[in-house]
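What follows is one structure encoded as structure tokens, with my remarks underneath.
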Amino acid sequence: MKRICVYCGSSLGARPEYKESSKLLGKILAKNRIELVYGGSKIGLMGEVSNEVLKNNGKAIGVMPRGLFTVETASENLTKLIQVETMHERKQTMADLSDGFIALPGGLGTFEELFEMLSWARIGIHQKPIGLLNICHFFDPLVNMLQNTCTEGFMKESNMSLFSISENPSELIKKMNMYIPPIMEARWRKLG
């Protein structure tokens with residue numbers, strides 16, 4: 001993977017471990033010459049990841065809608081800032097630029113981005129690896145909910161293989177590098 005899109009909060013969250021692990025991920029991305037693609041903000045976990053990538057001589061590409069500059073402050077030191085018109089265009093551009101996706105703790109926007117990539121993987125729009133950096137077991141309730149969704153017959157168990165999960169950024173990237181996309185159901189093959 002040459003570029004990984006990172007989805008995460010524009011807040012730091014309630015635990016110092018979120019910030020520490022975000023910085024560690026940024027350092028590991030730079031060390032492995034993996035470019036960061038992300039939402040472009042300098043605040044919250046987004047800022048922590050990008051600052052650490054840049055501090056360690058890595059590359060960071062931010063993608064931000066023009067109207068969002070009044071709410072989120074764009075990082076000034078990015079390798080490249082791509083301005084788009086809409087949130088949908090932002091997500092599409094980030095997906096197109098990336099070879100894989102990592103979700104860190106975050107709020108509704110982070111979950112929306114994560115679930116869109118999971119849905120797209122399920123129907124074959126992309127075959128890129130998706131990882132959950134499970135800092136302080138943040139994603140355990142989500143994984144339990146997805147498992148319950150399988151148990152209740154709304155999702156196939158095979159969909160649980162669409163993502164990797166780890167508390168360790170290096171281990172997560174290794175898992176993502178070994179990812180083999182599942183064989184799609186015939187009804188979805190024409191969409192990819």
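Counting only helices (runs of 4 or more DSSP H) that fall entirely inside segment 1-118 and contain at least 2 residues that are of a type in the set (S, T, N, Q) and either touching a helix residue (DSSP H, G or I) at 6+ places or on another chain (Cβ under 6 Å) or on the phi > 0 side of the Ramachandran plot (or both), the qualifying elements are 16-31.
For segment 123-131, the condition holds for at least one residue, the condition being that it is free of Cβ contacts under 8 Å to residues at least 60 places away in the same chain and assigned to a strand (DSSP E or B).
Per the conditions (1) surrounded by fewer than 16 Cβ atoms within 10 Å (Cβ to Cβ); (2) modelled with pLDDT under 95, the sole criterion not satisfied by residue 124 is (1). Could you pull out the residue among 50, 11 that is touching a Leu at 6+ places or on another chain (Cβ under 9 Å), hydroxyl-bearing (Ser, Thr, Tyr) and without any contact (Cβ under 8 Å) to a residue 60 or more places away in the chain? Only one candidate passes the filter, namely 50. Within segment 76-105, being over 21 Å from residue 59 (Cα atoms) and either among the acidic types (Asp, Glu) or buried (at least 23 other Cβ atoms within 10 Å of the Cβ) (or both) holds for 85, 89, 105.
Among the residues making up segment 162-192, those that are of a type outside the set (A, V, I, L, M, F, W, C), within 22 Å of residue 125 (Cβ to Cβ) and modelled with pLDDT of 95 or more are 164, 175, 177, 179. When residue 153 is tested against the conditions (1) surrounded by fewer than 16 Cβ atoms within 10 Å (Cβ to Cβ); (2) within 25 Å of residue 26 (Cβ to Cβ), the lone failure is (2). Give just the number: which of (1) assigned to a helix (DSSP H, G or I); (2) closer than 30 Å to residue 66 by Cβ does residue 158 not satisfy? The failed condition is (2).
A count restricted to segment 161-184 and to residues that are over 17 Å from residue 117 (Cα atoms) and assigned to a loop (DSSP other than H, G, I, E, B) stands at 3.
The values are calculated or read from the model by the stated rules, or taken from the named source; none is laboratory data. Small disclaimer: the values here were computed from a predicted structure and weren't measured. As a convention, Cβ positions derive from the backbone with ideal geometry for all residues, glycine included, and neighbour counts pool all protein chains shown.
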